[in-house]
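Colleague: This is the structure, below, for whatever I ask next.
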Amino acid sequence: MLPHFLDHYRRIGVASFIFVGNCSDDGTREYLHEQPDVILYSSDTEYKYSHYGVAWQQTVLGNLCLNKWVLLVDADELLVYENFEQETLESLVLDA
């Protein structure tokens, strides 16, 4: 799923990705480490004990994303909007 996810968001103009992983052992960490536009953080806290990821999001956003446009999505979510095949996210932001 991650190759498709990354490809989709790269095609619509996402320049970098931040992931928070919690000790998966299925090759996800290794795959993400190979990606040049990915920052990967690791947490040993179970997802449900992080307020279902909200604590991780707040930490990353507060430390790395101030004054930046951010799109929060799960790995199984693809943002689709009118003309997304031709129009990048940047063009939507500039038009706003």
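Colleague: What FRET efficiency do you get for TYR81 and ASP37 if R0 is 30 Å and r is their Cβ-Cβ distance, rounded to the nearest 0.05? Spell out each step's value before the answer.
Modeller: On the way: r = 21 Å, r/R0 = 0.71.
Efficiency, from the Cβ-Cβ distance: 0.90.
Colleague: A further question follows. Before I look further, what does the chain give for accessible area per residue, probe 1.4 Å, in whole square angstrom? If you can, show how the numbers build up before the last one.
Modeller: Numbers: 7120 Å² over 96 residues.
Here the residues of the chain average 74 Å² of exposed surface.
Colleague: Here's something else I'd like to know. Sequence-distant or interchain residues sharing an amide H contact under 5 Å with PHE84, placed H: which?
Modeller: none
Colleague: Using only DSSP helix segments of four residues or longer, with each worth -39500 (n - 2.57), what per-residue ellipticity at 222 nm results for the chain after dividing by its residue count and rounding to 500?
Modeller: Working: 4 runs with 34 residues, N = 96.
So the helix-based figure for the chain works out to -10000 deg cm²/dmol.
Colleague: Mind putting a number on the dipole of the chain about its Cα centre? Charges go on the C-beta only, +1 for Lys and Arg and -1 for Asp and Glu, and I need it in Debye to the nearest 20. Kindly include the intermediate steps, with their values, before the conclusion.
Modeller: Working: 5 positive and 16 negative charges, 70 e Å.
The dipole of the chain has a size of about 340 debye.
Colleague: Just the number, please: carbon plus sulfur as a percent of the accessible area of the stretch 13-82, 1.4 Å probe, no ligands or DNA/RNA counted. Could you put the intermediate results ahead of the total?
Modeller: Details: 2720 of 5290 Å².
The C+S portion of the solvent-accessible surface of the stretch 13-82 is 51 percent.
Colleague: Let me ask something else about it. With everything on Cα atoms, drop me the angle between helix 2-11 and the longest principal axis of the chain, reported from 0 to 90° to the nearest 10.
Modeller: So the inclination is approximately 30 degrees.
Colleague: Same structure again: Extent of the stretch 1-73 along each principal axis, from alpha carbon coordinates, in Å, largest to smallest?
Modeller: 34, 34, 16
Colleague: Something else: How high is the FRET efficiency between LEU92 and LEU61 when r is their beta carbon distance and R₀ equals 25 Å, given to the nearest 0.05? Don't skip to the end; give the middle numbers.
Modeller: Details: r = 20 Å, r/R0 = 0.81.
FRET efficiency, LEU92 to LEU61: 0.80.
The values are calculated or read from the model by the stated rules, or taken from the named source; none is laboratory data. The structure presented is a predicted model; accordingly, all values stated were derived computationally and were not measured. Cβ sites come from the backbone with ideal geometry, for glycine too, and all protein chains shown count toward neighbours. Just so you know, the surface numbers come from the protein's heavy atoms only, side chains and all, with ligands and any DNA or RNA stripped out. Shrake-Rupley method; radii C 1.70, N 1.55, O 1.52, S 1.80 Å.
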